[in-house]
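The values are calculated or read from the model by the stated rules, or taken from the named source; none is laboratory data. Everything numeric in this text was worked out from a predicted model, so none of it was measured. FYI the Cβ positions are ideal-geometry reconstructions off the backbone, even for glycines, and counts take in every protein chain you see. Ligands, DNA and RNA are stripped out before the accessible areas are found, and what is left, the full protein with its side chains, is counted by its heavy atoms. Shrake-Rupley method; radii C 1.70, N 1.55, O 1.52, S 1.80 Å.
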Amino acid sequence: MSRKAYNPAEVESKWYQYWMENKVFRSIPDDREAYTIVIPPPNVTGILHMGHILNNTIQDILIRRARMLGKNACWVPGTDHAAIATESKVVNLLREKGISKGDIGREEFLKHCFEWKDKYGGIIIDQLKKMGASCDWDRERFTMEPKLNTAVTEIFNIWYEKGYIYRDWKIVNWDPKAQTTLSNEEVLRKEVQSNLYYVKYKLLDSEDFVTVATTRPETIMGDTAICVHPDDPRYQHLHGKKVLVPMINREVPIICDDYIDMDFGTGVLKVTPAHDTNDYEIGQRHQLEIIDVFNADGTISEAGQIFVGEDRFIVRKKVAKLLEEKELLLKTEQLTNNVGYSERNADTVVEPRLSLQWFVKMDEIVKPALENVLNDEIQILPNKFKNVYKHWLENIRDWPISRQLWWGHQIPVWYYGEEFVVARSEEEALEKARLRFSNATLQLSDLKQDNDVLDTWFSSMLWPISVFDGFEEDKSEFNYYYPTNVLVTGWDIIFFWVARMIFAGYEFTPTFPLADGSPRPLELQKPFKDVYFTGMVRDNQRRKMSKSLGNSPDPLQLIADYGADGVRFGMMSCSSAGNDLLFDDKLCDQGKKFSNKIWNAFGLVQMWAENAESKPNQNQHTFAWFEAKLNEMIVSVDKSLEEYRISEALMNLYNFVWNDFFSTYLEYVKPNYGDSQDKETLDKTLAYFEKVLQVLHPFMPFITEELWQELSPRTKGESINLSSWPKAENFDVMELSKGEYSKEIISAIRDIRLKNKVKNADKLKAYVLEGNEEIYEDFLGTIIKLGGLESLTKVSAEISGAESFIVKGQQFFVELSKDIDIDAKRAELQKELDYTKGFVLSVEKKLANERFVQGAPEQVIANERQKLADGLAKIKLLEESLQAL
């Protein structure tokens with residue numbers, strides 16, 4: 001029977017639809033142990049990129065295996081409203097139609113946002129399904145859905161009531177393009193080449209000048225003082241005097257402050273409290289006037305007096321020119337300095353801006369989040385990121401949470417004039433306002449809700465709690481699924497999201513009782529047990545993938561070219577936790593070829609089934625070896641996956657399937673041409689194939705489902721993902737060793753045939769020196785068959801003129817019909833001897849290393865000692881062979 005070629009697209013479409021129709025991924029609380037992952041919610045504006053493929057493939061591997069282990073596996077999908085990104089998309093869309101957000105008002109604008117979200121927000125979800133994500137899609141959540149919005153409002157109120165949330169004027173990071181505040185974590189620092197301008201400030205009632213060095217001459221109009229260090233001897237005669245601000249001639253004082261770095265520039269600082277955090281703090285200490293010379297869009301305001309309405313960077317050049325014309329620019333120098341850019345608008349320089357904003361006090365909130373990571377209650381993998389986490393939390397600043405946007409969670413604050421109330425609803429706000437302002441006649445129309453929305457991360461930090469309705473009265477699902485098992489995410493959002501979820505867990509869940517009403521213990525307050533950080537996907541030149549470089553492939557095109565299983569294989573074959581992944585299409589091609597190999601190997605076994613007979617077989621030792629090898633592989637894969645060494649697990653599995661199962665086992669038991677297969681070998685092989693498919697399934701779900709369904713008749717709803725994960729059984733190490741020795745012997749014979757260009761049809765005679773016969777005699781028939789031998793005979797002395805090789809201290813000879821080139825043979829043996837001596841030396845050094853011997857497991861030490869003994873025996877035999885030549 002001919003078997004058609006493997007068609008990934010056909011198989012993927014068929015089985016994903018089957019999984020969805022039969023609710024294979026559905027999770028409902030029951031008596032089983034829960035295994036839970038919450039997806040890092042992609043932005044509704046997003047489309048699938050290589051980072052998503054990596055991140056979600058890892059999650060899918062873990063959740064599919066958990067399902068097969070009999071756990072109630074629940075992978076919760078969802079999307080984030082992505083306030084800045086989404087609002088920017090909709091504003092641009094409306095602008096193309098000649099509509100401005102301000103003209104249509106908030107309510108109408110939000111309608112456009114939801115329409116856009118409904119039209120485009122599901123694209124990335126559909127793309128995740130293409131790559132096989134086994135999420136419980138009935139649980140899909142959105143960070144702005146009503147229940148999650150209620151949770152955000154509740155948290156704002158709780159923190160405000162505890163005194164953690166406050167409103168204040170502060171210097172914030174301002175994005176002039178999006179016209180909103182950014183947290184410190186949303187600012188990307190870049191080193192850029194800048195000019196340092198040396199500007200002369202004229203002393204009042206004097207012809208003398210004080211020179212100030214600045215990189216920001218466009219803010220000079222906002223200067224309200226110049227400052228020197230009190231101990232700087234150069235300027236002590238100027239204490240208490242005044243200068244004129246260049247160009248606008250405002251009188252400002254010369255003040256003294258310890259903040260000044262006497263070695264930078266001229267040691268004199270222009271103080272612009274509205275446009276620099278440190279200047280603001282100096283201004284507060286010295287009660288300086290605050291003059292904001294920028295509008296929200298980064299243009300010069302009326303307070304700037306000159307260049308009003310012009311962009312800040314254009315004004316920088318104009319100010320420099322004007323200063324030069326007025327002979328107030330002493331000189332200009334080049335320097336490299338650190339400039340902040342918006343994480344959301346990468347080409348936009350962030351502006352320090354004095355603004356009235358809402359903040360969260362962080363000093364108390366972060367304490368349990370820090371303690372429970374440092375004591376490994378929450379495991380961070382790889383461990384190197386623990387120090388990064390620690391440094392950030394130990395140096396954390398208060399969190400600015402208000403954003404000057406309309407798309408998002410509107411701040412639950414209602415104003416009555418300059419006063420306000422914080423409430424959970426409009427009705428509660430009105431009730432509170434009437435009480436606070438002693439005015440029972442107040443109406444809702446008298447109150448105005450805060451226009452701003454909350455930072456997107458404010459809602460995202462609640463994700464592991466809110467997706468299970470933790471803030472609802474019915475906490476049955478929350479109590480079953482929380483805490484989640486593992487968070488898989490990129491290390492670049494360790495501060496934005498990971499840390500905030502951790503402190504949210506310890507901050508809010510202690511008040512959530514368990515199902516029996518008892519208090520929630522500390523170990524059930526954390527949002528997840530483990531955090532697995534992925535690396536960044538780079539190209540094979542180590543460059544970050546980007547559209548501008550043209551090195552970022554379209555994941556959907558990769559899936560079309562190589563199949564989803566091939567792409568998953570390609571991504572995972574070179575990905576270790578926390579380390580950057582060097583991606584190359586060739587890896588996906590390797591995955592595609594592996595899929596084809598599996599498909600074709602299965603087709604071979606199917607052909608055996610067509611004419612299998614009940615007859616004796618000679619494969620008992622092959623079965624014993626392969627079962628040992630299979631169980632060894634399961635132990636290895638289990639250990640690697642439990643330790644999140646996922647790439648290692650896949651590559652060990654790949655090598656086992658390709659080399660041990662297909663290239664060795666199937667070759668060993670394959671009947672001779674024209675012969676039928678015996679029934680026992682067929683049944684054993686099909687049983688092995690099933691286990692192999694089951695262990696492969698989390699990595700390559702589509703082809704494994706297709707072949708598993710073909711293995712035997714299945715009922716509707718059955719799936720390999722609902723079958724049991726194979727359990728490793730005890731195995732005979734000696735049987736394992738014998739099978740491995742037979743592989744080495746066959747490989748050595750084949751190398752000799754290849755090197756000497758011996759035809760496949762030609763049978764050779766082989767010999768073995770009497771001695772350690774048990775290493776090969778159980779596989780004698782297999783060695784003769786696969787080595788293309790006429791015979792393998794014991795001899796008591798070396799065979800003169802024959803090719804030889806050594807396995808496990810046993811010397812073998814292969815007799816060829818032609819004479820051997822003695823000089824070439826001697827060179828070959830010498831090369832092998834030199835290599836073996838080098839190998840032995842490396843093993844000896846390893847065993848001489850006390851740290852290695854004391855720290856390595858006993859089995860590893862035993863393996864190294866065995867390698868040493870085998871190597872020394874091989875050296876002895878090689879030297880004897882050289883002597884004989």
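So, in segment 236-293, how many residues would count as being aromatic (Phe, Trp, Tyr) and out of contact with any Pro (no Cβ under 7 Å at 6 or more places or on another chain)? So the count comes out to 2. Every condition in (1) in contact with an Asp or Glu (Cβ under 7 Å, 6 or more places away or on another chain); (2) open to solvent by less than 40 Å² (accessible area, probe 1.4 Å); (3) not in a helix (DSSP H, G or I) holds for residue 725 except the one numbered (1).
Scanning segment 126-160 for residues that are among the β-branched types (Val, Ile, Thr), open to solvent by less than 10 Å² (accessible area, probe 1.4 Å) and assigned to a helix (DSSP H, G or I) gives 152, 155. Determine, yes or no, whether residue 474 is farther than 28 Å from residue 375 by Cα, in contact with a Ser or Thr (Cβ under 7 Å, 6 or more places away or on another chain) and open to solvent by 10 Å² or more (accessible area, probe 1.4 Å). Criteria not met by residue 474. Residues of segment 613-630 that are surrounded by fewer than 19 Cβ atoms within 10 Å (Cβ to Cβ) and not acidic (Asp, Glu): 614, 615, 616, 617, 618, 620, 624.
Filtering segment 281-306 down to residues that are buried (at least 22 other Cβ atoms within 10 Å of the Cβ) and not aliphatic (A, V, I, L, M), which residue is nearest to residue 239 (Cα to Cα)? Across segment 281-306, the extreme among qualifying residues is 283.
Conditions tested, residue by residue: (1) out of contact with any helix residue (DSSP H, G or I) (no Cβ under 9 Å at 6 or more places or on another chain); (2) in contact (Cβ under 8 Å) with a residue 40 or more places away in the chain; (3) open to solvent by 10 Å² or more (accessible area, probe 1.4 Å).
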position	(1), (2), (3)
660	no, no, yes
667	no, yes, yes
671	no, yes, yes
686	no, yes, yes
698	no, yes, no
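Residues of segment 541-568 that are under 22 Å from residue 10 (Cα atoms), of a type in the set (D, E, K, R) and either without any contact (Cβ under 8 Å) to a residue 60 or more places away in the chain or exposed (fewer than 13 other Cβ atoms within 10 Å of the Cβ) (or both): 554, 561. The lone criterion from (1) closer than 25 Å to residue 529 by Cα; (2) surrounded by 20 or more Cβ atoms within 10 Å (Cβ to Cβ) left unmet by residue 26 is number (2). Among residues of segment 745-762 being out of contact with any Phe, Trp or Tyr (no Cβ under 9 Å at 6 or more places or on another chain) and assigned to a helix (DSSP H, G or I), the one that is nearest to residue 22 (Cα to Cα) is 747. The set of residues in segment 466-497 that are over 25 Å from residue 366 (Cβ atoms) and part of a loop (DSSP other than H, G, I, E, B) comprises 469, 472, 473, 474, 475. Inside segment 29-39, residues that are surrounded by 21 or more Cβ atoms within 10 Å (Cβ to Cβ) and assigned to a loop (DSSP other than H, G, I, E, B) make up a count of 1. The residues listed here are 769, 792, 780, 816; of these, the one that is at pLDDT 85 or above and open to solvent by 40 Å² or more (accessible area, probe 1.4 Å) is 780.
Residues considered: 353, 397. Of these, the only one that is touching a helix residue (DSSP H, G or I) at 6+ places or on another chain (Cβ under 9 Å), of a type in the set (Lys, Arg) and either within 30 Å of residue 215 (Cα to Cα) or at pLDDT below 95 (or both) is 397. All told, residue 833 falls short of being in contact with a strand residue (DSSP E or B) (Cβ under 7 Å, 6 or more places away or on another chain) and surrounded by 17 or more Cβ atoms within 10 Å (Cβ to Cβ). Taking the criterion of being closer than 21 Å to residue 682 by Cα, in contact (Cβ under 8 Å) with a residue 40 or more places away in the chain and within 34 Å of the chain's Cα centre (by Cα), the residues of segment 705-719 that qualify are 705, 706, 707.
Please work out if residue 45 is hydroxyl-bearing (Ser, Thr, Tyr), in contact with a strand residue (DSSP E or B) (Cβ under 9 Å, 6 or more places away or on another chain) and either part of a helix (DSSP H, G or I) or buried (at least 18 other Cβ atoms within 10 Å of the Cβ) (or both). It is false that residue 45 is hydroxyl-bearing (Ser, Thr, Tyr), in contact with a strand residue (DSSP E or B) (Cβ under 9 Å, 6 or more places away or on another chain) and either part of a helix (DSSP H, G or I) or buried (at least 18 other Cβ atoms within 10 Å of the Cβ) (or both). Looking only at residues in segment 694-722 that are among the hydroxyl-bearing types (Ser, Thr, Tyr) and outside any helix (DSSP H, G or I), the one that is nearest to residue 619 (Cα to Cα) is 712.
Of all residues in segment 509-540, those being in a loop (DSSP other than H, G, I, E, B) and either surrounded by 16 or more Cβ atoms within 10 Å (Cβ to Cβ) or of a type outside the set (A, V, I, L, M) (or both) number 14. Per the listing 244, 203, 182, the residue uniquely in contact with a Leu (Cβ under 7 Å, 6 or more places away or on another chain), surrounded by 15 or more Cβ atoms within 10 Å (Cβ to Cβ) and closer than 30 Å to residue 317 by Cα is 244. Apart from one condition, residue 105 fits all of (1) at pLDDT 90 or above; (2) closer than 29 Å to residue 647 by Cα; (3) open to solvent by less than 40 Å² (accessible area, probe 1.4 Å); the exception is (2).
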